[in-house]
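Student: Below are the structure tokens for one structure; questions will follow.
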């Protein structure tokens, strides 16, 4: 059913995880315009649009990491993100109270952010251990942006959208 992955070094794991991240960032780029369109609160639409521009930078940073490793950027299907986005797709198709739908979009987006935070934290640590500080700095920059995006979504939820949905 599943092929056996061969991981004989931290570097091999690092490369595998980078390919996974490169794929999930592309999946997110495809999903964000749909989320922006589905959102009704202007500040949520704006947050999704801003995060799309930021995600383009995340892709570019990963390409820099691949380049500094001397390899072409490559994608490995990220099944975890595929699942998170599939769940979020249900909210995109939902009908009902607009504030509740916006709250559901925040919920779905925060699941994605938390996944990304976990992956980028791990990648940054692998880069540190592997002695590639330049790559670690790029990964840390993305990690910081993912944390900020999560905090922005929390603020939107707490300061209005969840209250309006209630």
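Student: Checking residue 56 against (1) under 14 Å from residue 28 (Cα atoms); (2) at pLDDT 95 or above; (3) in contact with a helix residue (DSSP H, G or I) (Cβ under 6 Å, 6 or more places away or on another chain), which test does it fail?
Tutor: (3)
Student: Out of 100, 142, 77, report the one residue that is surrounded by fewer than 21 Cβ atoms within 10 Å (Cβ to Cβ), in a helix (DSSP H, G or I) and touching a residue at least 12 places away in the same chain (Cβ under 8 Å).
Tutor: Answer to the selection: 100.
Student: Return the residue satisfying two criteria in turn: it lies in the stretch 145-166 and is without any contact (Cβ under 8 Å) to a residue 12 or more places away in the chain and in a helix (DSSP H, G or I), and of such residues it is farthest from residue 39 (Cα to Cα).
Tutor: 148
Student: Now for a different question. Within the bounds of the stretch 32-50, is there any residue that is more than 11 Å from the chain's Cα centre (by Cα), closer than 17 Å to residue 141 by Cα and surrounded by fewer than 19 Cβ atoms within 10 Å (Cβ to Cβ)?
Tutor: Yes, some residue in the stretch 32-50 is more than 11 Å from the chain's Cα centre (by Cα), closer than 17 Å to residue 141 by Cα and surrounded by fewer than 19 Cβ atoms within 10 Å (Cβ to Cβ).
Student: Any idea which of (1) more than 16 Å from residue 35 (Cβ to Cβ); (2) modelled with pLDDT under 95 is the one residue 120 doesn't satisfy?
Tutor: Failing condition for residue 120: (2).
The values are calculated or read from the model by the stated rules, or taken from the named source; none is laboratory data. Just so you know, these numbers come straight off a predicted model, no measurement behind them. Don't worry about glycine lacking a Cβ; one is built from the backbone with ideal geometry, like all the others, and counts go over all protein chains shown.
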